[in-house]
1. Helix-only mean residue ellipticity at 222 nm, the chain, DSSP H runs n ≥ 4 weighted -39,500 (n - 2.57), per residue, nearest 500. What is it?
2. Taking a ≥ b ≥ c as the square roots of the Cα gyration tensor eigenvalues, with a/c under 1.5 meaning rounded and otherwise prolate when a/b beats b/c, else oblate, which class fits the range 94-181?
3. Kirkwood Rh over Cα pairs of the chain into Stokes-Einstein at 10 °C, 1.306 mPa s: D in µm²/s?
4. Could you give the distance between the Cα centres of the range 1-52 and the range 56-104, to the whole Å?
5. Would you calculate the separation in nanometres between label points at LEU74 and SER22, each defined as 7 Å from the Cα along the Cα-to-beta-carbon direction?
6. Which aspartates and glutamates does LYS169 reach when only Cα atoms under 18 Å apart count, and residues fewer than 8 places away in its own chain are ignored?
7. Near GLY112, within a Cβ-to-Cβ distance under 12 Å, what is the net charge of the other residues, with Lys and Arg +1 and Asp and Glu -1?
8. Packing-wise, with mean Cβ within 10 Å as the measure, how do 19-32, 40-53 rank, highest first?
Amino acid sequence: MLVVVSSLLRQAVGTRIRFEISESPIAPGGENAGLIASGAHSVDATLDAIHTDPGVLVEGTATALIKGQCSRCLKDCLTRVHTEFAEQYYATVDVVNGAPRLDPPAEAQTIGSDFRIDLTPLVAEELILATPFAPLCRADCKGLCLACGADLNLGPHAHEDRTDPRWKKLGTLEGFHADRE
């Protein structure tokens, strides 16, 4: 997700440019291929680049389908993820005369002399953070049988009682209440 901001930095402070990015599915050799590492299958993003005194503030939203595995039935599934983000990028070179600008704060994101911002790492990180820890293929997924591992979404099934006969006596204590005796 490369965004060229040289024309924006020539405008007055406060000027805003909108970028719309949509790719489905993400091409492994394409511009947004870096999002594949976050599990993204497709992405739709709206980005606003705002000229600020130190550089460019990027605000945006991204919606993606993330490839994963259902945490209940273990089938492959796509999970829709939505995230919002904002990041300040500091210009290191003046766009008009090419003179170096003041050093940005430590750990700050910078804009180089090519005036391109690669938003792929930012969007990938935000998508990873927005991805649910335990994704589901559908909200009513029944998961797997604890005894045999069969997919309970395919239909009900039963098992014979496999209780060890030595533990049967404990079953009689189920209704026992000491205060009644």
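All of the numbers you see were taken from the coordinates with simple rules; none came from a lab. Since the structure is predicted, the reported quantities are computational estimates derived from the model, not experimental observations. Here Cβ is always computed from backbone atoms with ideal geometry, including for glycine, and neighbour counts include all displayed protein chains.
1. -2500 deg cm²/dmol
2. On the way: a/c = 6.35, a/b = 3.23, b/c = 1.97.
Prolate, because a/c is 1.5 or more and a/b exceeds b/c.
3. Working: Rh = 20.6 Å.
Rounded, D is 77 µm²/s.
4. The distance from the Cα centre of the range 1-52 to that of the range 56-104 comes to 8 Å.
5. The modelled label-to-label distance comes out at 3.8 nm.
6. ASP161
7. Values: positive: ARG101, ARG116; negative: ASP114, ASP118.
The answer is 0.
8. Working: 19-32: 13.0, 40-53: 18.4.
Order by mean packing, descending: 40-53, 19-32.
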